[in-house]
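Okay, structure first, notes after.
The values are calculated or read from the model by the stated rules, or taken from the named source; none is laboratory data. These numbers come from a predicted model, not from an experiment. In this analysis, Cβ positions are derived from the backbone assuming ideal geometry, glycine residues included, and neighbour counts consider all displayed protein chains. Just so you know, the surface numbers come from the protein's heavy atoms only, side chains and all, with ligands and any DNA or RNA stripped out. Shrake-Rupley method; radii C 1.70, N 1.55, O 1.52, S 1.80 Å.
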Amino acid sequence: GNGTTPTERMRIVGANGNVGIGTTTPDTALDVNGIIESAGWTRVSTQFDKTDTTLASITGLTATLVAGETYQFETVLFIDATAVGGSKYTMSGTATATAVIYEMILTDNATNANTITSRQTALGGSAGQAGTTAGMCVIKGLITVNAAGTIVPQFAQNVTSGTSSVLVGSYMKVDKIN
């Protein structure tokens, strides 16, 4: 060797098969003491503006899905919109689904009221509103993929008027599940 003492970074406990990263005493199947970096998270790094009603894929929020797998997804969109123009949302992409279900909930920052509550069972099913000028839209769902492709949230104005925006810091996470 090089004369240095190795540092233990990972441990597999033989008695139960638990794996510890950053810990020598893992309590669960995978026990991580530290920050996990995941390729399944994406975020908006440049404000995404819309001035019309045509739904468009939000820059930076795309995930690639594999055929035959099931995924859970969550998209959190921080939005500013004109009172007249409002906002409209959907989940879309190039993947085809054997099954998909997702819920869209837009909460108004000023009133804390939900101004959209919509369940969809097909990619491309959309919901919109006018009135919320600052809010947070959460889209959560599950998709079983038939043909591989992408999934992406889309955004537009509900009525053409001024500019409505998805703000920097909005994000999407996608995880494969059994």
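List of remarks:
- The stretch 123-144 residues that are at pLDDT 95 or above and basic (Lys, Arg), paired with ones that are assigned to a strand (DSSP E or B) and surrounded by fewer than 20 Cβ atoms within 10 Å (Cβ to Cβ) (beta carbon under 9 Å, 6 or more apart): Lys140/Gln72; Lys140/Glu74; Lys140/Glu103; Lys140/Ile105
- Matching residues, the stretch 152-174, being open to solvent by 50 Å² or more (accessible area, probe 1.4 Å) and either β-branched (Val, Ile, Thr) or part of a strand (DSSP E or B) (or both): Val159, Thr160, Thr163, Val168, Tyr171, Lys173
- Take the conditions (1) closer than 30 Å to Ala134 by Cα; (2) part of a strand (DSSP E or B); (3) free of Cβ contacts under 8 Å to residues at least 60 places away in the same chain; Ile79 misses just one of them, which is (3).
- Pick from the stretch 84-101, criterion assigned to a loop (DSSP other than H, G, I, E, B) and more than 18 Å from Gly60 (Cα to Cα), ranking: most open to solvent (accessible area, probe 1.4 Å): Val84
- Verdict on Ala113 being surrounded by fewer than 16 Cβ atoms within 10 Å (Cβ to Cβ) and in contact (Cβ under 8 Å) with a residue 40 or more places away in the chain: no
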